[in-house]
Amino acid sequence: MEIFFRATNELYPDINVFYSTPSCYVKSVNEGNVTWGTKQDDYFPYASGPHSYWTGYFTSRPSLKRFERYAHNVLQVIYINF
């Protein structure tokens, strides 16, 4: 891993790659006065047509429900960061 960090830092001098912890990251974000946006609405229930909503579709399929929730969280993170 050290080779990766060194190579990245040499190839891209404006990027500094290093080991860190979540607490160091949060401290750095707080010191930088970064403001994160929040998404207020929800992507669920899913609409497949103008008058077609899938509100109970995943209730009997727990593995699909978990996958949908995970994908929803990833999509919100991507949306917030762009």
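Since every read-out is calculated from the coordinates, none of them should be taken as a lab result. What you see is a predicted model, and the numbers here were worked out from it, not measured in a lab. Note that each Cβ is placed from the backbone with ideal geometry, even for glycine, and that neighbours are counted across all protein chains shown.
Just rank 54, 36, fewest to most, by other beta-carbon atoms within 10 angstrom. Please list the in-between numbers first.
Values: 54 12, 36 7.
Neighbour counts put them in this order, fewest first: 36, 54.
Fewest Cβ neighbours within 10 Å first, please rank 72, 51 accordingly. Please list the in-between numbers first.
On the way: 72 14, 51 6.
Neighbour counts put them in this order, fewest first: 51, 72.
Express in nm, to one decimal, how much length is gained between residue 34 and residue 47 on full extension, taking 0.36 nm for each residue of separation and deducting their alpha carbon distance.
Gain in length upon complete extension: 1.2 nm.
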